[in-house]
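Note sheet for the following structure.
Please treat every number below as a calculation from the coordinates, not as lab data. Everything numeric here is computed off the predicted structure, so don't read it as measured data. Positions of Cβ are backbone-derived with ideal geometry, glycine not excepted, and every protein chain shown enters the neighbour counts.
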Amino acid sequence: MQQFDFPGSNSVARDSKYRIVHGSDGKPEIQIEYYISEEVFYRPSTRAHPGLIAAVQAVKGYDYGSFIINEWSQILVGRVDGPPVYAGVYEALLEFEVTGAIVSADPPAGLNAGDPWPGPGVGRGYVLAAGAEDIYYLHTVEGATRKVWLSRSVGEAAARQLSRRLGRTKGSQGGRIYINERRQFFDPGEGRKDRIYLGALGDDAWFPKPTMRLGKNMEGKQPSYTSTGNGTPGIPGAEARSSLATSRAHQISDGEGCISSDRDGPGGSERMQQFDFPGSNSVARDSKYRIVHGSDGKPEIQIEYYISEEVFYRPSTRAHPGLIAAVQAVKGYDYGSFIINEWSQILVGRVDGPPVYAGVYEALLEFEVTGAIVSADPPAGLNAGDPWPGPGVGRGYVLAAGAEDIYYLHTVEGATRKVWLSRSVGEAAARQLSRRLGRTKGSQGGRIYINERRQFFDPGEGRKDRIYLGALGDDAWFPKPTTD
């Protein structure tokens, strides 16, 4: 039951894993969830790999549960309370029949980068960095998470070569990528939509293969399967594990968590209308709140909280079930990102357009990081110019060069224009706030964030040097968006 460090990250999505389940006759089989649309999927299964099933069961200590096979054909058995456990090597191809067609981790003949990915969604997660110059994965030790870069293993030139190739299909903005056991890359898409094939790893350099050094009590007991999948491995140890349960959040009510709206309830036709909201979204993951599945499968709100450029924590809270329900109702599924703007309006992120309004939420979100509470409220005694200790969540604006005005970018039908504060409040009022922020930010201007408690901070470069700029206070600001 020894654990090792494996490159890549697990996904919480059920269709990103293989699962051992009980068939209709009670016998074990390997199953996938195979989506043909956002909400319609099949659950095909196979019993052609009894040795693989036995290997996973031996590690788990019971008859069911999830696992993946990574890009080195290593079996990684999922656990809720730690990293995956190594269960041997398996090289046989897993095939599943869906409506008469065979799907597997191998791409069909003629599939090209940019084509829809027709295989299972099973894979190990990495991130193509913004700019498509490098790739990383996240590694967590004792609650602290750091980025592990491909360039540190293979050199900048080799990492750039692969990253640029994937970026020609994925896009230079980067984002999540998966690699499966046949060393095929695909874009997992958003909410299981738009999965795109990115190509094979081929001869490009990659992270080094993890080295398995078994302890004396495990010597001679490492299973290795190369073609047939038969045989019963001898993997000692067992660990009980609660099965993940998916659950919808509570029904929303105006009395829970200060959610309110004068429109229809969550999921109603009026709720899904889009409005124009001042400010801009950031692509940075730590500039948003995210709904994720906790270790027991229940939803919680999570942030990424950086303590350095590459080391961060992921604290979460379940203290706001009404907020979770509001976001889920708009999204139509159980996870994803949102922010709360400076008027306490919930803005739910979308990949194909502006954010969607989901009501008003005024309760303070608090997170515990290494024993301290962090929130959008500044701690007592924090002054402009001090490091910003709160989350990086906020709505983006730009302090114009010269620190005389502030603007945000607004895009309609592909055309982007600057929307100036001075056009809303007058030049004198805009200049007063801008100059105050500029005394800390600098007259050169640049990006500024404002959070749901109306606190400004400088987001810094690459999450470094975040600086508190002060509260909005009584200064004039853009008008509150009307959601009527």
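For the reader, a short list of remarks on this structure follows.
- The slack between Asp474 and Arg439, meaning 0.36 nm per residue of separation minus the straight C-alpha distance, is 10.8 nm.
- q = 0.12 Å⁻¹, region 328-484: log10 I(q)/I(0) [Debye, one scatterer per Cα]: -0.56
- Within region 370-409, all pairs of alpha-carbon atoms sorted by distance into 10 Å bins from zero give the percentages 23, 39, 31, 7, 0.
- Calculated translational diffusion coefficient of region 14-206 (25 °C, 0.890 mPa s; Stokes-Einstein with Kirkwood radius over alpha-carbon pairs) equals 140 µm²/s.
- Assigned charges on the beta-carbon of Lys, Arg, Asp, Glu; region 14-206 dipole about Cα centre (debye): 360 debye
- With 30 Å as the limit, the listed pairs Lys17/Lys147; Lys60/Lys331; Lys27/Lys331; Lys298/Lys441 have Lys60/Lys331; Lys27/Lys331; Lys298/Lys441 beyond it between alpha carbons.
- Calculated FRET efficiency for the pair Thr211/Thr317, C-beta based, R₀ 45 Å, to 0.05: 0.75
- Shape class of region 85-147 from the alpha-carbon gyration tensor: oblate, with a/c at 1.5 or above and b/c at least as large as a/b.
- The label-point distance for Val21 and Ala284, in a model that sets each label 7 Å from Cα toward Cβ, rounds to 4.1 nm.
- Label-to-label distance, nm, for residues given as Tyr64 and Asp296 (7 Å Cα→Cβ offset): 1.9 nm
- If you take all other residues with their beta carbon under 10 Å from the beta carbon of Gly202, and give Lys and Arg +1 and Asp and Glu -1, the sum is 0.
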